[in-house]
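Bear in mind these aren't lab numbers, they're just calculated from the coordinates by the rules spelled out. Since the structure is predicted, the reported quantities are computational estimates derived from the model, not experimental observations. Positions of Cβ are generated from backbone atoms using ideal geometry, with glycine treated the same way; all protein chains shown enter the neighbour counts.
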Amino acid sequence: MKKVSTILLAISVLASMFYILPVYAAPNPVVYLSFEGDLKNQAGGDYNGKADGNVTFEEKGAVGKGAFINNGYIELENSKNIKFGKQMSFTMWIRIENDEIFNPGLLMKAGKEDVLNDCPFKFCTSYGNGALGSSFSLLSPDSEEGSIWESDSDEMFKAGMLKERWHHIAAVFDGKGITYYVDGKYASSEEVSSDFESFTSIFDSGKNIFLGRGDENLRGYMDEFKLFNSVLTANDVAAIALEGRKVLNNKMVLKLDKPEMIINGVEKEIDPGRGTAPRLDTDSGRTLVPIRALVEVMGGSIGFDESDQRGRVDITLGSINIKIWLYNQNAEVNGKPYELDVVPKTINGRTMLPLRFVIENLGAEVDWNQETQEITIKYAG
């Protein structure tokens, strides 16, 4: 009997060693646009996207490709048929590119023509004091009554959302109030102050849903949009924010006029034996660097096309190819033209290129610390 008990105990221990905890899975959305070259609803059903205006697909999305919306918008076809009741949640990655637009729309339910008045609900970003905020408005089905409740965006300004950065945002409305999440973490919440009784007539009104449309249309990037007719929990939002996201687990730190950089805690010369350091272009306020060392640390390659008399620099990392011409503000990323705000040049025989443009188009993040004059680059390994 003792021997049998010992065997059973051993089996139990082995079983526990190989037991795999279930992977946490968020609820299924009714609409999921991945923006990987099209606007098809990956969740199935009839709610595909249709672009109006300038909407393109770019390589530098938050997860794979993303949609660049440049004063255009996307209509979710047949989305007027989605039944929400009193509950709605949505998640997306956004990157706002233009701080001149104060209140661009992200998501709204609206009539096709009179977007300002025939709008049961809308979710917008707002820009001020160097940061992004968000607001959510509920409007009466009777357009003459106007807005019945609008959330306060002040708390969202404290959530660390910045322009020209990817941020994952989520909004959860449970019929009593709205909760915001930024980058997978709780940001703020607010209860509805109105005594309006039937939110069903707002969410289920017979109008389609639009992305990037509002009082002012979006100019920026959007990726991994998901719409739910249910209430997401904090765990749901955190799980969705991590789905497919590249982990930027490596770090480079550079400093203006210093010829060394620190890579994951180890110091080395940027341009061995030459003392070349990052420089600030005083005309544009942009940083120029000897880019080869940075690109190669990230796993990319750099070359010069000697057949191009204009002096072309080719930078490649995975499927991304960047072309930059010396003393020229023209550049290309995978064939798409861009205009640089600083002219690439040679200084003391070394090629100096705009740091932020190159590094961010290679999928990394760039942060500038004005106080220490340091540049931090986070990139995938």
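How high is the relative contact order of segment 24-78, in percent, with contacts defined as C-alpha pairs under 8 Å that are six or more residues apart?
Working: 95 pairs, mean separation 17.3, N = 55.
Relative contact order, segment 24-78: 31 percent.
Would you mind working out the magnitude of the charge dipole of segment 207-302 relative to its Cα centre, with +1 at each Lys and Arg C-beta and -1 at each Asp and Glu C-beta, to the nearest 20 Debye?
With only Lys, Arg, Asp and Glu charged at Cβ, the dipole is about 80 debye.
Given a cut-off of 27 Å, name the pairs among Lys251/Lys323; Lys40/Lys109; Lys185/Lys268; Lys40/Lys336; Lys60/Lys86; Lys65/Lys207 whose C-alpha atoms lie farther apart than that in the structure shown.
The answer is Lys185/Lys268; Lys60/Lys86; Lys65/Lys207.
What FRET efficiency do you get for Lys80 and Asn330 if R0 is 30 Å and r is their Cβ-Cβ distance, rounded to the nearest 0.05? List each step's numbers first, then the result.
Working: r = 44 Å, r/R0 = 1.47.
Computed FRET efficiency for Lys80 and Asn330 comes out at 0.10.
Dipole of segment 250-379 (Lys/Arg Cβ +1, Asp/Glu Cβ -1, origin at the Cα centre): which of Asn369, Tyr379, Ile320 lies farthest to the positive side?
Most positive-ward Cα: Ile320.
Order of 67-74, 235-242, 299-306 by packing, highest average Cβ count within 10 Å first?
With the highest mean Cβ count within 10 Å placed first, the list reads 67-74, 235-242, 299-306.
Which value, in debye to the nearest 20, gives the size of the charge dipole of segment 250-379 about its Cα centre, when Lys and Arg are +1 and Asp and Glu are -1 at the Cβ?
140
Of Thr346, Thr179, Thr91, how do they rank once you tally other Cβ atoms within 10 Å and put the fewest first?
Sorted ascending by nearby Cβ count, the order is Thr346, Thr179, Thr91.
With the Cα gyration tensor of segment 279-381 in hand, convert its eigenvalues to equivalent ellipsoid semi-axes via √(5λ) and list them largest first in whole Å.
Taking √(5λ) for each Cα gyration eigenvalue gives 20, 17, 12 Å.
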